[in-house]
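Report on one structure; see the data block that follows.
Here, each number is a calculation from the coordinates, and none is a lab measurement. This structure is a prediction, so every number in the text was calculated from the model and none was measured. Counting neighbours? That spans all protein chains shown, and the Cβs are built from the backbone with ideal geometry, glycine included.
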Amino acid sequence: MSTEADKDPTKNQPEEITHPESLSVWGLAWPSILSNLLFASVGLVAIKAVGSLGAEAVAAVGTGQRIFWVFQALLMAIMAGTTALVARAIGSGDAHEAAQVTRASMGLCLLISFFTVILLWIGADYMIGLFGLDEASRELSVTYTQILVGFTPVFAISMVLGTAQRAAGDAKTPLYIGLVTNIVNIFLLIGLVEGRFGFPQMGVVGAALAGGLAFTFNSILVLGLWFGKKLAVQIGKAGSMTYERLNQLITISYPAGLESFIFQFGMLSFFWIVALYGTDAVAAYNIGVNVLMVSFTVGNGFAIAGATLTGQHLGASDPDKAYESGFKAAGLTMLSMGTLGIVLAIFSRELSAFFINDIDVINKAVVFVWILGIMQPFMAIEFSIGGAVRGAGDTKSPLIITLIGLVLVRVPLAYIFYILGLSIEWIYATLVADYFLKGVLLAARYKSRRWMKVLDLKS
């Protein structure tokens, strides 16, 4: 993985880096959960602000967001490789290698992000046109997407450095940075969308600018700490992008990239089917997703904890602790997401009405929240177990399982139901089959323990 010339396990070892034995699932999870909740709160504020403009604006922003995230699939994939390699390096006591991996990941992600900007600037109009939005919603969505995608490089910077910190066992620093960033984002959202605090009222355009400027602020802040040597994972030295490192990053990441792309493409395809039912259905779907975002963020926090601990314990040659960590993460995730799913479903009408004053949209959103709310324990398995095996470097099995659940079950079933003329509720119900199947398959993969042997850093 690294050459003898650049490898120094003991030199400049940051005090913030701790041994995996001193870490716990909850200790790593809660800062990530709180950070994710803060991020989700921004989404809630955005939908609330845009919701005052009507269903067309909500549909426009929601469509633009899904296009944006589809094209972040490669960046998210590199994060899987970054997490696995940094966690392994830290677990084996090699802080220097962790820094080199982080630097190499940064260079690779910046390269990807520039191509993403070019592609979406050129193709946004065509892509969004596929969803059959009314003319006003389509134009708004294209503008939103083109503005937001322009900030992809700064988004990449903040994502790489945040991922590396968490993989090193420092989940608190990204939390503090995220807290400040989200306060800035909310301030900008309210100001630019609604025309407050001396800002002009810019509507959907303001929502895009607020998100992009928040990405920029976050990157400036985290880069300042990185160059100031205040982060657990240090800068690294020139020449970090060696063939060995890039090969391992890509080897781990390409299945995760395919999984992320398949997932996002599948979600986009599913979203396209929902869009066939009209603007109200699209708006309801976006509101429902944001209502359940509280539960999703909790699951993602435990996924990060499971991935970090699994990778670090395997790096320390302790497979039993690695297995135990993932198992604990799964139990806590199922309990928390299951409870939250029921609570959010019970209050789904009140929560949906908070975002928009449209009874048809509210009714559709309530149905969506109830259907997906009761499936939260199975989604919890996907979050926690999926995170644990990726942390071990096993990115191929989640890829296959995602392919089976999303592409071979959810989307085909949804399209068949649409062809049969069934209501939007039946489209939402296909989520049940998808998450149930993926939960069962991931649990079986984890129990086999074969995922522990996928990544061999000594080879």
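Report, in debye and to the nearest 20, how large the dipole of segment 194-295 comes out about its Cα centre when Lys and Arg carry +1 and Asp and Glu carry -1 on their Cβ.
So the dipole magnitude of segment 194-295 works out to roughly 520 debye.
What fraction of the Cα pairs in segment 365-444, stated in percent, has a spacing above 17 angstrom?
49 percent
Given the DSSP H assignment, sum -39500 (n - 2.57) over each helix run of at least 4 residues in the chain and divide by its residue total; what's the result at 222 nm in deg cm²/dmol, nearest 500?
-26500 deg cm²/dmol, from helical runs alone.
Residue separation times 0.36 nm, minus the C-alpha to C-alpha distance between VAL440 and ARG349: what's the value?
Value of the extension gain: 29.7 nm.
Work out the P(r) tail for segment 323-459: percent of alpha carbon pairs separated by more than 17 Å, whole number.
65 percent
Dividing the alpha-carbon Rg of segment 228-373 by 2.2 N^0.38 Å yields what?
1.41
Between segment 211-288 and segment 401-458, what is the separation of their alpha carbon centroids in Å?
The distance from the Cα centre of segment 211-288 to that of segment 401-458 comes to 21 Å.
Quick one: of LYS364/LYS438; LYS396/LYS447; LYS328/LYS453; LYS396/LYS453; LYS328/LYS447; LYS321/LYS396, which pairs are farther than 18 Å apart, Cα to Cα? Mind showing how you got there, number by number?
On the way: LYS364/LYS438 25 Å; LYS396/LYS447 16 Å; LYS328/LYS453 20 Å; LYS396/LYS453 13 Å; LYS328/LYS447 13 Å; LYS321/LYS396 22 Å.
LYS364/LYS438; LYS328/LYS453; LYS321/LYS396, as the Cα separations exceed 18 Å there.
Only counting other Cβ atoms within 10 Å, I'd like ARG88, ARG410 sorted with the fewest neighbours first. Don't skip to the answer; put the middle values down first.
Working: ARG88 28, ARG410 24.
Ordered by Cβ neighbours within 10 Å, fewest first: ARG410, ARG88.
What ranking of ILE424, ILE122, ILE371 emerges when the number of other C-beta atoms within 10 Å of each C-beta is taken as an exposure proxy, fewest first?
With the sparsest Cβ surroundings first, the list reads ILE122, ILE371, ILE424.
At R0 = 41 Å, how high is the FRET efficiency between SER423 and TYR176 if r is their beta carbon distance? Nearest 0.05 is fine.
0.35
How much length is gained if the chain between PHE115 and LEU225 is pulled fully straight, taking 0.36 nm per residue apart and subtracting their Cα-Cα distance, in nm to one decimal?
Full extension from PHE115 to LEU225 adds 36.9 nm.
What's the magnitude of the charge dipole for the chain around its Cα centre, counting Lys and Arg as +1 and Asp and Glu as -1 at the beta-carbon? Answer in Debye, nearest 20.
For the chain, the charge dipole is close to 780 debye.
Projecting each Cα onto the charge dipole of the chain (Lys/Arg +1, Asp/Glu -1 at the beta carbon, about the Cα centre), which of LEU408, LEU372, ALA136 comes out farthest on the positive side?
LEU408
List the residue ranges in the chain for DSSP H helices whose C-alpha atoms run 30 angstrom or more along the long axis and whose Kyte-Doolittle average is -0.5 or above.
Taking the DSSP H segments of the chain (at least 30 Å long, mean hydropathy at least -0.5), we get 25-51, 95-129, 172-194, 203-227, 243-275, 293-315, 319-346, 424-448.
If you consider only alpha-carbon coordinates, what radius of gyration and Dmax does the chain have, in Å?
Cα only, the chain: 21.3, 66 Å (Rg, Dmax).
Report the extension gain between ASN247 and ARG196 in nm, rounded to one decimal, defined as 0.36 nm multiplied by the number of residues separating them, less their alpha carbon distance. Kindly include the intermediate steps, with their values, before the conclusion.
Details: separation 51, 0.36 × 51 = 18.36 nm, distance 4.92 nm.
Value of the extension gain: 13.4 nm.
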